[in-house]
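Right, one structure below, let's go through it.
None of the figures in this text is laboratory data; all of them are computed from the coordinates on show. Keep in mind that this is a model prediction, so the values were computed, not measured. Please note: Cβ atoms are built from the backbone with ideal geometry, for glycine as well, and neighbour counts cover all protein chains shown.
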């Protein structure tokens with residue numbers, strides 16, 4: 001987890017948020033600084049999804065997506081058993097922490113190290129599911145630069161545990 005000191009409210013939008021209309025931001029950024037700027041604007045504009053929105057999405061998703069099926073298994077099959085419920089909470093809190101500081105490379109790397117330490121053999125599962133939730137959220141920007149943020153986050157985790165970008 002990144003930082004637990006501030007508890008700002010999360011957004012009430014469904015997860016993933018509705019697709020934004022095209023053309024809100026340019027699709028090809030001229031610099032990394034501009035890409036960072038519009039990504040942060042997107043997160044600030046939509047806010048961080050509530051855990052309940054993500055749980056609703058996972059429980060009601062009807063498509064054929066392996067990552068959602070893995071999340072569904074964590075949530076539905078094992079949630080009452082404790083460990084998986086804690087695992088989902090950690091997946092969500094990792095996602096939330098990263099979205100709060102999306103370009104803080106060291107903080108994001110620490111979040112990955114925390115997952116490795118806590119989950120040992122299962123760390124890749126937690127890291128992959130956190131990354132997946134971030135990627136789906138960013139895809140709703142309907143913008144190539146913002147939607148590619150998942151690759152930035154992957155790069156920040158490169159070499160943490162078994163994670164390779």
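Here are a few things to note about the model shown:
- Degrees separating the helix 105-119 axis from the principal Cα axis of the chain, which is the longest one: 10
- Where Rh is the Kirkwood radius over Cα pairs, Rg/Rh for the chain: 0.95
- Mean residue ellipticity at 222 nm, helices only, the chain: -18000 deg cm²/dmol; runs of at least 4 DSSP H residues each add -39,500 (n - 2.57), and the sum is divided by the number of residues.
- Rounded to 10°, Cα long-axis angle of helix 123-139 versus longest principal axis of the chain: 30
- Extension gain from residue 24 to residue 164, taking 0.36 nm per residue of separation minus the Cα-Cα distance: 47.2 nm
- 0 to 90° range, to nearest 10: angle between helix 51-60 axis and the chain longest Cα axis: 80
- Extension gain (nm, one decimal) between residue 151 and residue 113, 0.36 nm per residue minus Cα-Cα: 11.9 nm
- Between residue 13 and residue 101, the contour length at 0.36 nm per residue exceeds the alpha carbon distance by 29.7 nm.
- Each peptide in 128-138, 100-110, 18-28, 86-96 gets a packing score, the mean of other Cβ atoms within 10 Å over its residues, and the list from highest to lowest is 128-138, 86-96, 100-110, 18-28.
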